[in-house]
Structures are given as C-alpha cells and as structure tokens.
Amino acid sequence: MNITVRLFATFRFGRFASATRQYPPQTRISEIIRELQIPDTEISMIMLNGRHADPEQCLCEGDSIALFPVVAGG
Amino acid sequence: MNKILRVNMTTLTTGTEAVPKEWAALGGRALTSTIVAKEVIPTCHPLGENNKLIFAPGLLSGTTAVNSGRLSAGAKSPLTGTIKESNAGGLAAQMFGRLRIKALIIEGLPKGNAWYSLHVSNNGVTIAEEKELIGKGNFAVVEALENRIGKKVGVITIGPAGEMKMLSANISVKDVDSKLRSHGRGGLGAVMGSKRIKFISIDDSGAPGIKPVDPEKFTASARIFAKAIMEHPGTGQGLPTFGTAEMVNLVNEAGGLPTRNFSLGRYEGHEKISGETLRETMIERGGNPSHGCQPGCIIKCSQVYVDKKGKYITSGFEYETIEILGANAGLGNLDQIAVADSIMDDIGVDSIETSIAIGVAMEAGVLPFDDGEGVLRLLREDIGKGTPLGRIIGSGAGHVGKVFGVTRVPVVKNQAIPAYDPRAIKGIGITYATSTMGADHTMGYAVATNLMGVGGGIVDPLKKDGQVELSRHLQIVTVMLDSIGLCLFIGFPAADIPTCVPALVDMLNACFGFELTPEWIGGLGVNTLKTERAFNLAAGFTNKDDRLPEFFREPLPPHNAVWDFTDEEIDEFWNF
Ligand code: SF4
C-alpha cells in the first residue's frame, strides 16, 4: 500500500521532507519509525491524517503520517 | 534588591524608597501586578493621570543565572482595560538587577506639550526635557543614545506609535546587538506616551551587583538549572536550531493554523514560511539561525534574518509574526514578513495586535489578502505616520472590526488572539478566555501539552476534557516564570525535567537568603492571579468577559472543530 511519510525539523536531517512509499498491508506506524531509525524518545507528535495517533496503529492505503520532534513556540 | 525608584510626571520630581517587606520575595510580574493593584484606581482612564507605569526586573535578573533577564512592564492597559503585565528580554532587566532596583514606578501626567526622558543610574533616576528624538523611530533612538551617552547605555523606548498613544503601541528594549525586544502586548507604549516619556536610558556603571548570600549553593543550583535546560529537547535542540517558527508546520498539521483571518485551520503555503525554510534561508544567505537576545542566554531562540545580499533585516523573528502575516494575512513570503517585522519594531507597535488587525482589515476589503506590498505601505505610510486609517489599524483588531463592520474579529477583552486557533487547540482557548490580560498565549501555553505532550502526555487538543485544569495549572506556573525573569521556554524543562524547579527555588534561597519551598511557586501563582482578577472585577469586568467571540462556534476546516465550551465549564477555571 502507498503511505505518505512526512518528516519535520531535525528529522529531515539526512532523511527527507516528504515521500510516498510502499509498505505491506497492516504496517504499524512504529515499524515505519524504526525503519527510519528515529529514536522513540525524540518523537513528540505523531499525526495520522492530521490527528494524533498511537505508534501501534495499523495503517491503510493512502494514509499520511507526520512525525515531529519536540519543538517550541511562543 | 534594595530600592524602588519613583517618578512623578505631574510635579516632575523623583525619589528613592526602601522596598516594603511584603514585596521582598516578589519580582517581575508578581511585583508589577501587586503595585498596580495597590496603587492604581481600577476604573481610571488608562491614559489619564491616575494610571501608573511600572517596570520590574525578574527576581534573578542581574545574577549569573542563565535566561533570567526579562523585564516586566505593568499598568492598566488602554487596549483591554484590564490589568496588564508584558515582559521582554534585552539588556534593561539585568542592568536594573545589578543596580539593585526592584521597581521603577512612573505616575502622574505632565502639563503642557513638552516631551521628557528619564535617566536611571546608580544615583537614582532623573528627568530631562527631550527635543531631538521626538518623532523618531526606535532604531534611531538607540543609535542616538549610544552616541550621546555611550555604547553600553541601556535603552527603553517608544516609537511614533507610542507618542501617538495608539492602543497597539509597544515599549522596546535595547538588546545585546543594539537591536530591539518588546513589551509587546496591551498598548503599554501608549501609557508611556501619555506620560510624555520618549525613552529611559540606563547607565549601570558603579552598580553594586547582586552578591549571593550563599555563593557556592547558588552556583551549584544554577548549574543544575542550566543542565535541565540543555537536556530538554525543546530548549536544548528545537529552539536553537529552528527558533519558534518551527511551530508553523506543526500547528498546520494539527489543523489549528489561523489562515485568512481565522477562516481556515491550514495554510497551503505553510512550507514557505516554516522554521525549516527560515533556517535554510538564513544559512544560505549568511544570517544567524541561533542567536541570544541577552548575555546569559543558553537557548538562543532568536535569529538574525538578512536579505538576499546579506544585509540585516530583522532579529527576534518569531512564530507569531511569521504565522499571522504569513498565513493569517496570506503573505506567504518570509522576506516581506521580515521587512514588516522590522518596520513594526521601528514604529513601535505590537506585531501580534497589528498583524491580526491587518487580517481583519483584509476581510473588510481595505486591502486584499496576500497583498504584501500593501501591508508594508500600511505600516510605513499609515500607521507610522498616523493617518486616519493608520490610527484605526493602530487601535487594534477589535477596533478595526467595529469600524468596518466585520463579525469575525479574533479578540478576547479586546486583545488580539495570536497564532493558534482555539477550536483545534482547545487548551489554549481556555487560556485566551480566562487570562487576566486578554487573549495571550504566553499566559498559559497549553499548546505544548495539547500537541506535543510536554508535561506528562498529550491532552487531546480537539476534546474538552482536561483543558480547564491544564490551563489553570499552566497559568499558575507561568506567574513564577514571569516573576523570576525567565523566558517562557523554561516552562518546558520545568514541566519535564524533575531537577529544574527545585534548582530554581534553591537559587532564590541561596541568592537572597529566602526560605522558600517548592510550594511557594503555587502560592505565588494563585495570589498573583487572584490579585489581577480582583483588579479586573473592580474595573467592571465580569465572568461574561471570559468568553471567546461567537464566530468560533462556526466549524474550522480541516477537522470542522468548533468552540463548544459552555459558560459554566469556562467559569470553572476560577474555582481555586
Ligand atoms: S531564549 Fe530567546 S527570548 Fe529567551 S533570552 Fe534567549 S533569545 Fe532571548
């Protein structure tokens, strides 16, 4: 299935900003995070189609995930 | 700190007073709010002779504690009619601290049309008539004073907007590079203008400095505090690398990025104005993506933005300004936003209030959304010169809405709602509604917990559950940050790194010989919030003013989120 993966801030360093990639059905968000070698502790926000998601959630064809490290605004 | 300076502009006299005992452990916001509540008549006209303008450094400002040099300014706000505290970085707080000045209180109004300046030094404060710099922008004031008094002079100044008593006028403070930081919110520049003070210069030569009572304990706890800041990924990595503009993509993804005057929650051009793009642009052009506004800053959230030729445009280029002009006014162009930021610094207006007011003016058809050149012209030619249109926009978003008959006007207590839509990030909506200062994200920054889980896990931004408690907790803790003189960002390690808050309390005790416990923080927060609210109630505000505008009941794409709190649910906030 096609999944769009979008990375932000430091997660882009040495990786990519946005890519649509092929994954087997039933892939979990956590598997993609592992594949990208992003340490769990660095992730502050996982969005699946614009809503907060659990890393153990399974993905469906056409889903879009976004991964953010901790950033700060004010 | 051992003295209070008092200036009476009616009699043009000054004096020095001892610090009352009950004010000894107060600083920054806790002190300005205490003084306003005690000395200012709540129903007074904010620009009349009974209002007072108070400056107070944070408790630790002037010590070697990192990130502790913020200055609080307090008064009754001409924009909101409420009590107001607005704090800023730059050099002044550290200079006040070293001079052992606990507060500078300015009262009364001069008769006649003369303008004045104040000079603060180790000998106290003096008043002088000022002619040369009247009508000048803030950058020119700083430059002229460095020539007149010396490169090291500290400066607190108002631009033409403050002289014209515009309700969006800010007060600017010289920073480490002779640029500006601002007491942005609430129109305090108009209060300074009403007292006909163009600037305050500060000379800290011969200052006694602050010598901690227990220097070893102070140094040890200051080290633990600094370590906690560096350990937190937000303050140790995120802010120094991307600045606050990193929030653009994150808030966009969450569907809460105010776009075209709060009509949409996502902006199609978000990448063009993102922290990532800002950083790349600065590296490419030879700007500086990681810069501190004062000595002792180890976070360095600020940056120096330069144009294509490498020429300085602006620094302290914040998420708020970038988002509100970029997406909410639709400019989508960092170069134009940077120029706008620099003009707003120079003429002396709050970049949040002014940018939101421009969004409302765009909705009214005064100029089209996306019209960057139009925005620059409006700032330079209208607001900066005080044309009738400039005065309307310079009166803030609420007034623009009234004058042009717009109903989508994002204000609470007449102060503009900043760059997070409260429908999609509900915790910050409770802060906007209940803050004693009008809409202000810095009063209880629930965004961090709603979106990133700072402080023990995500509180779902789209649901009502837990938001009132979250905002209350944050508003109480924020009083502590605002009173010690700390940047708001210290809220991140304070929430997540267990050694941070005890180290702060240890530093205060070691520095001043206090016997504070961590519970002191809660007490300070609760007392200060209640003092501020009592002032507002006495000024005529009620719980009905703790409400968001009606249009937030309309669904916000992409989540079609609505503001669905009942009055009773919001009023629960004050149940403590
Ligand atoms: S973190 Fe930002 S606001 Fe705070 S002192 Fe550093 S540059 Fe100034």
Measuring from its Cα centre, the stretch B:50-117 shows a charge dipole (+1 at each Lys and Arg Cβ, -1 at each Asp and Glu Cβ) which, in debye to the nearest 20, is 100
Under the 7 Å Cα-to-Cβ spin-label approximation, residue B:50 and residue B:387 lie apart by a distance in nanometres of 3.8
So the FRET efficiency between residue B:514 and residue B:146, C-beta based with R0 = 56 Å and rounded to 0.05, is 0.90
Dividing the mean separation of Cα pairs under 8 Å (6+ apart) by the residue count of the stretch A:2-69 yields a relative contact order in percent of 47
If unit charges are put on Cβ atoms (+1 for Lys and Arg, -1 for Asp and Glu) and the dipole of the protein assembly as shown is taken about its Cα centre, the option from B:13, B:411, B:458 lying farthest towards the positive end turns out to be B:13
Contour minus Cα-Cα span, residue B:463 to residue B:43, at 0.36 nm per residue, comes to 147.4 nm
About its Cα centre, the stretch B:243-419 carries a charge dipole, from +1 on Lys and Arg Cβ atoms and -1 on Asp and Glu Cβ atoms, whose size in debye to the nearest 20 is 320
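Could you please rank B:312, B:305, B:267, placing first whichever residue has the fewest other Cβ atoms within 10 Å of its Cβ? Before the final figure, lay out the partial values.
Details: B:312 14, B:305 27, B:267 22.
The order, fewest Cβ neighbours first, is B:312, B:267, B:305.
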Quick calc, the stretch B:413-492, dipole around Cα centre from Cβ unit charges on Lys, Arg (+) and Asp, Glu (-), nearest 20 debye, gives 160
antiparallel share of DSSP beta bridges within chain A, to nearest 5, in %, is 75
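Would you mind ranking B:322, B:35 by Cβ crowding within 10 Å, fewest neighbours first? It would help to have the intermediate numbers written out before the result.
Values: B:322 28, B:35 20.
So the residues, fewest neighbours to most, are B:35, B:322.
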Projecting the Cα atoms of B:61, B:158, B:187 onto the charge dipole of the stretch B:3-202, where Lys and Arg contribute +1 and Asp and Glu -1 at Cβ, the residue farthest towards the positive end is B:61
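Given an 8 Å cut-off on Cα distances and at least 6 residues of separation, report the relative contact order of chain B as a percent. Could the numbers behind the result be given before it?
Details: 1442 pairs, mean separation 91.4, N = 576.
Relative contact order for chain B comes out at 16 percent.
So for the stretch B:282-356, Kirkwood radius off the Cα pairs, Stokes-Einstein at 25 °C and 0.890 mPa s: how many µm² s⁻¹?
D, rounded to a whole number, is 192 µm²/s.
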In nm, the gap between the two label points placed 7 Å beyond Cα toward Cβ at residue A:21 and residue B:131 is 7.2
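At a Förster radius of 51 Å, what calculated FRET efficiency corresponds to the Cβ-Cβ distance of residue B:231 and residue B:544, to the nearest 0.05? Show your work: numbers first, answer last.
Details: r = 44 Å, r/R0 = 0.86.
Plugging the Cβ-Cβ distance into 1/(1 + (r/R0)^6) gives 0.70.
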Under 5 Å from the placed amide H of residue B:561, counting only residues 5+ away or on other chains, we find B:556
Counting only residues 5 or more apart in sequence or on a different chain, those whose built amide H sits under 5 Å from that of residue B:58 are B:28, B:70, B:72
Between residue A:60 and residue A:28, the two model label points (7 Å from Cα along the beta-carbon direction) sit apart by a distance in nm of 2.0
Out of B:243, B:222, B:269 - ranked by how far each Cα lies towards the positive end of the dipole of the stretch B:222-271, with unit charges on the beta-carbon of charged residues - the top one is B:222
Residue span residue B:560 to residue B:13: 0.36 nm per residue of separation minus Cα-Cα distance leaves a gain in nm of 191.1 nm
So the pair-distance distribution of the protein assembly as shown, from every Cα-Cα distance in 10 Å bins, comes to percents of 3, 17, 29, 28, 16, 5, 1, 0, 0
For the stretch B:220-292, shape from the Cα gyration tensor axes a ≥ b ≥ c, cut at a/c of 1.5 then a/b versus b/c, turns out oblate
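Per the Kirkwood definition applied to all pairs of different Cα atoms, how many angstroms is the hydrodynamic radius of chain B?
23.3
Provide the three semi-axes, in whole Å and in decreasing order, of the ellipsoid equivalent to the stretch B:3-202 as defined by the square roots of 5 times the Cα gyration tensor eigenvalues. Walk me through the numbers before you get to the answer.
Details: eigenvalues 89, 86, 51 Å².
The three semi-axes for the stretch B:3-202 are 21, 21, 16 Å.
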FRET efficiency for residue B:220 and residue B:527 from the Cβ-Cβ distance with R0 = 35 Å, rounded to 0.05, comes out at 0.75
For residue B:349, other-chain or 5+-apart residues with amide H closer than 5 Å (H placed, Pro excluded) are B:170
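Sort B:323, B:130 so the one with the fewest other Cβ atoms within 10 Å of its own Cβ comes first. Walk me through the numbers on the way to the answer.
Values: B:323 31, B:130 17.
Final ranking by Cβ density, sparse to dense: B:130, B:323.
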Within the stretch B:3-202, the percent of DSSP beta bridges that are antiparallel, given to the nearest 5, stands at 75
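We did not get these values from a lab; they are worked out from the coordinates using the rules stated. None of the values given here were measured: they were computed from a predicted structure. When we count neighbours, we look across all protein chains shown, and the Cβ atoms used for this are built from the backbone with ideal geometry, even at glycine.
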